[in-house]
Amino acid sequence: MPTFTKPRWVLSEREATPESIFYARRTLIKSAGLGMIGAAVAAPAHAGLLDNIFGADTPTADSEVDPTADLYPVPRNEAYTHTRPITDEGLATTYNNFYEFGSHKRIYNAAQKLAIRPWSVILDGMVEQEQTIDIDTLIRQMPLEERVYRHRCVEAWSMVVPWTGFAMADFVKLARPTAGAKYVRMETFENPEVASGQRQSWYPWPYVEGVTLEEATNPLAFLVTGVYGKPVPEQNGAPLRLALPWKYGFKSIKSLVRFTFTDQKPVSFWEELAPTEYGFWANVNPEVAHPRWSQAEEKPLGADEEIPTQLYNGYAEEVAGLYKGMEGERIYF
Ligand code: MTE
């Protein structure tokens, strides 16, 4: 067995995770008279200040031009309402979890190394016919819309984000699963040359997640190609990621390269790493604590207060029916 060093958010109390460093940094910004990170354009400048202080990389601009950039912004689907303010773009795009690029939150600069073109997505397993689809062909053929979703990380921070993308149900139609398929297993790219985290062999790379076919075809399940009216940047999971707003954020797998339809329940990255802490279902429930911290409240990025967490992250009406009769199972972990 390799030496197993659990990532900090697995190992320590939430108070000891990098997010507390993040909030401490914000306090520092405030006391330096610069105010909170504001517009996207302001973020790199602030980050530069912080990085000088904390010794991180100097942020660099992304020089790649996304071939689908002309498609954005797209009209918002107002059926997906939100009661909290939309999180500042600068925060949502500089405070990330993407272990392929490091087990801390400031990976946005390192993630720019990911070449997001050419990029193709494999659809295989229990499907009528296996397909490999070029990402631009895919994006241009799907009905794009914007949806504002809540996102609740298992670490107890949250955000509200305007994603652009398409219903996963439409993608399942494109895949044409055969009658016996019950689950969709998804995989992130694997390239340790650009993703330094993938050189840490104690992690079970590639990052894998899974959902049932019923979950994948629930109208809320959304495949994301953009955010804040632009193509999604590398650090948020370019060029294609998942958004499952009723589940803890680790289910929303980034930078997808493969969808395998199967009758076997997939074992996810975190489940494989720490099975007593992370399960397959991971539905948000404020009353079911993580083994090491409460899930009753959450800290919205950019807010100075904690707010109560909601059952299914506020989406019970849409998804509770998926779990009828499963009360005996560990569906909130
Ligand atoms: N996907 C991959 N491939 N690798 C990751 O480390 N982290 C997950 C999820 N998807 C992760 C991932 C976690 S824990 C969260 S909270 C969200 O991505 C964070 O998404 P964001 O950085 O866009 O906020």
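Where a number appears in this text, it was derived from the coordinates with a stated rule and is not lab data. Since the model is a prediction, treat every value here as computed from it, not as a measurement. Reconstructed Cβ throughout: ideal geometry from the backbone, glycine too, with neighbour counts over all protein chains shown.
On the basis of the beta-carbon distance and an R0 of 25 Å, GLU193 and ASP70 show a calculated FRET efficiency of 0.20.
Stretching ARG176 away from ALA320 to a fully extended chain increases their span by 49.3 nm, per 0.36 nm per residue minus the current alpha-carbon distance. For every other residue with a beta carbon closer than 10 angstrom to the beta carbon of LEU256, add +1 if it is Lys or Arg and -1 if Asp or Glu, then tell me the sum. Around LEU256, the surrounding residues sum to +1. The GluC sites (Glu not before Pro) of segment 259-295 that meet both conditions, a loop assignment by DSSP and at most 10 other Cβ atoms within 10 Å of the site Cβ, are GLU287. Using a simple spin-label model with pseudo-atoms 7 Å out from Cα toward Cβ, ALA79 and GLU128 lie 2.4 nm apart. Roughly speaking, what is the centre-to-centre gap between segment 297-333 and segment 164-202 when only Cα atoms are used, to the nearest Å? Each part's Cα centre sits 24 Å from the other's. Spacing of the modelled spin labels on GLU287 and GLU329, each 7 Å from Cα toward Cβ, amounts to 2.0 nm. A full extension of the chain between ALA296 and VAL267 corresponds to an added length of 7.8 nm, given 0.36 nm per residue minus the alpha carbon distance.
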